[in-house]
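Below: one structure, written as structure tokens.
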Amino acid sequence: GVTSPLREFMLWRSQEDTLYRVELPAGRESVSVAMLDDFVSLGWTGFATGDYYHSGGWATHERLFCVRMSYHLESESFRVSYLLHEGQHFSDYKRFPQLEGPELEYRAKLVEVANADTTLRDVLQAFSEQSSDRRDNPHGFANRRLMTDLAHALNVDVPTDAWWKSVLPETIHAAARRLFREDTERLGGGITR
């Protein structure tokens with residue numbers, strides 16, 4: 001695959017398949033997750049940072065892949081930022097096969113924001129800091145779109161750094177759910193929960 005902007009090379013020695021059920025906006029989805037261990041290569045980002053930063057996982061049309069050492073499997077980070085995020089990709093690959101990377105990421109990140117509790121502020125901080133106006137950087141482009149749309153949905157006139165810190169989490173959750181629902185309707189996918 002590609003970790004923008006380069007082709008990726010991740011190589012591991014062992015994997016274990018686990019089945020998870022995730023609650024996505026369109027309903028419950030069963031996803032098979034390949035838990036990956038004993039890495040030889042954590043990709044170009046890992047190489048460039050001495051394995052400090054690297055991909056934590058990805059989705060394909062058949063299953064999810066998780067770099068197990070990236071997560072505490074009982075944490076909100078794993079449940080929301082990995083399982084729900086990648087699970088939304090898995091679902092969208094089937095429901096909306098025409099979607100491109102920036103749109104897939106936007107939808108998955110909305111699901112994260114709608115469900116994050118203890119990690120919400122950190123997630124929004126990361127999205128704010130790692131934004132881009134370039135479509136060839138799908139994660140960064142989606143981050144910018146999400147932060148702009150969220151500020152607009154919450155009637156934030158002049159978004160400042162960390163504007164979301166003064167907004168109640170449940171208000172942010174509701175706005176993210178509304179944006180996701182509107183995006184799904186725009187795609188012709190009907191109403192989601």
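Quick notes on this one:
- In the condition set (1) at pLDDT below 95; (2) at negative phi, S14 is compliant with all but (1).
- Leading residue by the ranking (modelled with the lowest pLDDT) among those in the range 57-78 that are in contact with a strand residue (DSSP E or B) (Cβ under 6 Å, 6 or more places away or on another chain) and either closer than 19 Å to D92 by Cβ or of a type in the set (A, V, I, L, M) (or both): G57
- Failed item, numbered, when P25 is tested on (1) within 20 Å of H139 (Cα to Cα); (2) in contact with a Phe, Trp or Tyr (Cβ under 8 Å, 6 or more places away or on another chain); (3) in contact (Cβ under 8 Å) with a residue 60 or more places away in the chain: (1)
- Here the condition is being within 18 Å of H139 (Cα to Cα), of a type in the set (V, I, T) and free of Cβ contacts under 8 Å to residues at least 40 places away in the same chain; of T18, T60, T45, it holds for T60 alone.
The values are calculated or read from the model by the stated rules, or taken from the named source; none is laboratory data. Keep in mind it's a predicted model, so treat the numbers as computed, not measured. Virtual Cβ from ideal backbone geometry, glycine too; neighbours counted across all protein chains shown.
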